[in-house]
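Below is one structure, written out as structure tokens; comments come after it.
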Amino acid sequence: MIRVAAVGDIHMGPESQGLLRPAFETLPDCADLLLLAGDLTRHGTPEEMDVVAREVRDLPVPVVAVLGNHDHHDEQPEKVTGILREAGVTVLEGEGAVIDCAGTRVGVAGTKGFGGGFVGRSAGEFGEPVMKEFVRTTRRSADALCAALKDLDGRDCAARIALTHFSPVADTLAGEPLEIYPFLGSYLLAEAIDTAGADLAVHGHAHAGSEHGMTAGGVRVRNVAQPVIKRAFNVYQLTLGRPGSSSVVRA
């Protein structure tokens with residue numbers, strides 16, 4: 001069994017320093033890995049990401065993250081990514097990484113993702129160039145996620161996890177206004193996950209959404225935005241040898 005702690009949308013700023021560190025220091029007692037599902041800052045400034053870095057630096061469990069839309073707002077994604085990596089965090093964008101969790105190899109494929117909507121109510125690559133680019137941005141992100149998951153399948157991983165900021169399914173958006181669903185995620189991410197296979201998919205972004213969902217292919221999806229889970233993190237157990245199996249342990 002692998003215990004995966006996850007949280008997103010912590011939106012930290014200078015006055016947030018030390019808010020999550022006490023909870024994170026308990027991670028060895030309940031989890032083998034911490035996933036950060038984007039929107040770690042409020043405006044994506046280096047000063048804000050410095051706060052996040054101090055919260056997670058030298059934790060006794062591996063930390064893997066993706067950026068969110070807020071982390072891009074200051075238009076310095078490379079710089080804030082560098083701050084996280086200097087703190088020992090594995091930051092993914094269209095890539096996969098194999099993490100050693102107490103002697104067990106866990107594969108994490110990560111991307112921010114993007115919007116576009118869901119089957120029957122989604123945007124298409126048609127019309128104005130800006131509309132085509134909107135959808136192509138999501139498609140490129142989904143294609144990279146799929147490729148990363150497939151690559152991990154050949155790297156002797158006991159489990160594979162898809163980590164995104166935007167949602168791959170509409171299930172975990174329940175509670176959000178229907179009008180903004182196209183800006184909260186895309187079915188293309190779920191297609192990528194189902195095509196390549198995964199044991200769990202984790203995302204954030206939808207503050208008023210719901211925690212539990214599932215792709216059409218049966219992969220369990222969890223919305224770990226902090227306003228949804230209402231705690232420092234949730235822990236999900238992955239039972240090895242049973243693809244797609246996961247259960248929630250409240251942290």
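The values are calculated or read from the model by the stated rules, or taken from the named source; none is laboratory data. Note that the structure is a prediction, hence the values are computed from the model and not measured. Cβ atoms come from the backbone with ideal geometry, glycine included; neighbour counts cover every protein chain shown. With ligands, DNA and RNA removed, areas are computed over all heavy atoms of the protein, side chains included. Shrake-Rupley method; radii C 1.70, N 1.55, O 1.52, S 1.80 Å.
Between the alpha-carbon centres of the stretch 27-58 and the stretch 94-109 there is a gap of 18 Å.
From its DSSP helices (H runs of at least four residues, each -39,500 (n - 2.57)), the chain gives a residue-normalised ellipticity at 222 nm of -8000 deg cm²/dmol. Gain on full extension, evaluated as 0.36 nm per residue between residue 183 and residue 143 minus their Cα-Cα distance, stands at 12.5 nm.
Tell me the carbon and sulfur percent of the accessible area for the chain, rounded to whole percent, probe radius 1.4 Å.
Working: 5410 of 10450 Å².
Within the chain, the accessible surface is 52 percent carbon and sulfur.
With both residues required to sit in the chain, DSSP beta bridges show an antiparallel share near 45%.
Could the peptides 89-96, 194-201, 225-232 be put in order, highest first, of the mean number of other beta-carbon atoms found within 10 Å of their residues? Can you show the working numbers first?
Details: 89-96: 20.2, 194-201: 22.5, 225-232: 18.2.
Averaged packing, sorted descending, gives the order 194-201, 89-96, 225-232.
Applying 1/(1 + (r/R0)^6) with r as the Cβ-Cβ distance of residue 21 and residue 131 and R0 = 41 angstrom yields a FRET efficiency of 0.40.
Using Cα pairs closer than 8 Å and at least 6 residues apart in sequence, work out the relative contact order for the chain, in percent.
Result for the chain is 20 percent.
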